[in-house]
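Trainee: Right, I'll just put the structure down here and ask away after.
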Amino acid sequence: MINNIPEFLYHLLIEQYGENLTNTIIEGYSQKRPVTLRANTLKTSIEYIRTVFDNLHFTYKEVSWYQDALIMENLSEEQIKNLDIYKNGEIYLQSLSSMIPPLVLSPKENENILDMAAAPGGKTTQMLALSQNQAFITACEKNKIRAERLQYNLNKQGANRVNVMIKDARQLDDFFSFDKILLDAPCSGSGTISIFDKKLESTFTEDLVNRSSKVQYDLLNKAITLLKPGQEMVYSTCSILSKENEQILQKFLDLKLIEILPIDISVFTDVILLPTSIQGTLCICPSQLYEGFFVAKLRKLTK
């Protein structure tokens, strides 16, 4: 271990970001983030949720780039989970970083959308809410227990225009085609680790990064096949390593199968951004408010 993170990860970060940014990232790994949530507009409004918190004298901050999100102050998850608005599915606990990919994808009514790795369902329900409950979403989850959790959350959130498939998205038939795809790919989680995790050295390994990048490549390859020509998708991970992000994308850019649609980073005013090797992509640095996250918006090129 170096600076409380696995030695190989430290060297990867130094190679990719240099010493100063690596120290900033490690500082981010040491942060205890506040509880963040979004109003589930499938069932209620942010105005109502604010009123509930105001009446309870709970203090919160708003999020400049997302009107439905709140940062709770001095409250634990358990305190939130005891509230009726949580039990009724009127709010959803979700990290701020993970709210960004659905916003970038911008689902619209009547669009046929694929969520390739959907459990536990936060982004799935968010996408349906963003479409005013008018999109049609296919949500894939290969693990049966996780798929059951996904279905439970969808039911609780009132997301009734979602079809759950207990299937590895890599195995979907190629006759499917979608207007938009969210690939929030399984990853090493290098953006979300904590230096206080006593098992970190044994659970966060080089093999995990290598296995993750192989799965990511296969999933993106399938996503491009299933996406209609000229249509858009979002690729995201909670990793900040180029091996799981830019290096995956670059293989398909070189084949001229996709192009990058630049993300407007100016709206994310309080986000510390890390440099990326592909212009127009977004890499969030771990910080007091944000988990490390990578987001890219892609368009499938017509042949």
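Trainee: Name the long-range amide H neighbours of LEU114: under 5 Å, sequence gap of 5 or more, or other chain; modelled H, no Pro or chain starts.
Mentor: For LEU114, the qualifying residues are THR138, LYS180, ILE181, LEU182.
Trainee: Additional query: Mind pulling up the Rg/Rh value for region 170-211? Radius of gyration and Kirkwood radius, both on Cα.
Mentor: Result for region 170-211 is an Rg/Rh of 1.19.
Trainee: With a 10 Å cut-off between alpha carbons and a GNM built on the chain, which of LEU56, LEU172, LEU182 moves the most?
Mentor: Of LEU56, LEU172, LEU182, the Gaussian network model singles out LEU56 as fluctuating most.
Trainee: How big is Rg to Rh over region 165-303, alpha-carbon atoms, Rh as the Kirkwood inverse-mean-distance radius?
Mentor: A ratio of 0.98.
Trainee: When N counts the residues of region 144-197, how does its alpha-carbon radius of gyration compare numerically with 2.2 N^0.38 Å, as a ratio?
Mentor: 1.49
Trainee: Here is a further query. Checking understanding here: applying a Kyte-Doolittle mean of at least 0.5 and a length along the axis of at least 24 Å (C-alpha), which whole DSSP H helices in the chain pass?
Mentor: Both cut-offs are met by no helix.
Trainee: Is region 37-162 rounded, prolate or oblate when judged by the Cα gyration tensor, a ≥ b ≥ c being the square roots of its eigenvalues, rounded requiring a/c under 1.5 and prolate requiring a/b larger than b/c?
Mentor: It is prolate, given that a/c is not under 1.5 and a/b is the larger ratio.
Trainee: I would also like to ask the following. Quick one: dipole size for region 25-106, taken about the Cα centre, charges +1 on Lys/Arg Cβ and -1 on Asp/Glu Cβ, in debye to the nearest 20.
Mentor: Using Cβ point charges on Lys, Arg, Asp and Glu, region 25-106 gives about 140 debye.
Trainee: In the chain, carbon and sulfur make up what percent of the accessible area (probe 1.4 Å)?
Mentor: On the chain, the fraction of accessible area on carbon and sulfur atoms equals 47 percent.
Trainee: What is the Cα centroid distance between region 203-250 and region 148-194, reported in whole angstrom?
Mentor: Value for the Cα centre distance between the two parts: 15 Å.
Trainee: Same structure, new question: Roughly how big is region 1-69's charge dipole about its Cα centre, with Cβ charges of +1 (Lys, Arg) and -1 (Asp, Glu), in debye to the nearest 20?
Mentor: With only Lys, Arg, Asp and Glu charged at Cβ, the dipole is about 360 debye.
Trainee: If I build a Gaussian network model for the chain, linking alpha-carbon pairs within less than 10 angstrom, which residue out of ASN20, ASN143, ASN112 has the largest mean-square fluctuation?
Mentor: ASN20
Trainee: Would you be so kind as to identify which of TYR235, ILE193, THR269 lies farthest towards the positive end of the dipole of the chain, taking Lys and Arg as +1 and Asp and Glu as -1 on Cβ and the Cα centre as origin?
Mentor: Going by the charge dipole, the pick is TYR235.
Trainee: Among SER131, SER76, SER239, whose mean-square fluctuation peaks in a Gaussian network model of the chain (Cα, cutoff 10 Å)?
Mentor: Comparing SER131, SER76, SER239 in the GNM, the peak value goes to SER76.
Trainee: Strictly greater than 17 Å: what percent of every Cα pair in region 7-88 meets that?
Mentor: 57 percent
Trainee: If you don't mind, there's one more thing I want to ask. Going Cα to Cα from LYS199, which lysines come in below 18 Å? Please leave out same-chain ones fewer than 8 positions away.
Mentor: Candidates past the 8-residue exclusion: LYS32.
Trainee: Report, please, the projected area of the chain averaged over directions, based on the convex hull of its C-alpha atoms, in nm².
Mentor: 15.2 nm²
Trainee: Okay, moving on. So, with +1 on the Cβ of K and R and -1 on the Cβ of D and E, and no other charges, what is the size of the charge dipole of the chain about its Cα centre, to the nearest 20 debye?
Mentor: Magnitude of the dipole: close to 820 debye.
Trainee: For region 168-237, count all C-alpha to C-alpha pairs, find those more than 19 Å apart, and express that count as a whole percent of the total.
Mentor: In whole percent, the long-distance tail amounts to 44.
The values are calculated or read from the model by the stated rules, or taken from the named source; none is laboratory data. What you see is a predicted model; the values in this text were computed from it and never measured. Counting neighbours? That spans all protein chains shown, and the Cβs are built from the backbone with ideal geometry, glycine included. Remember, those area values only see protein heavy atoms, side chains included, never the ligands or the DNA or RNA. Shrake-Rupley method; radii C 1.70, N 1.55, O 1.52, S 1.80 Å.
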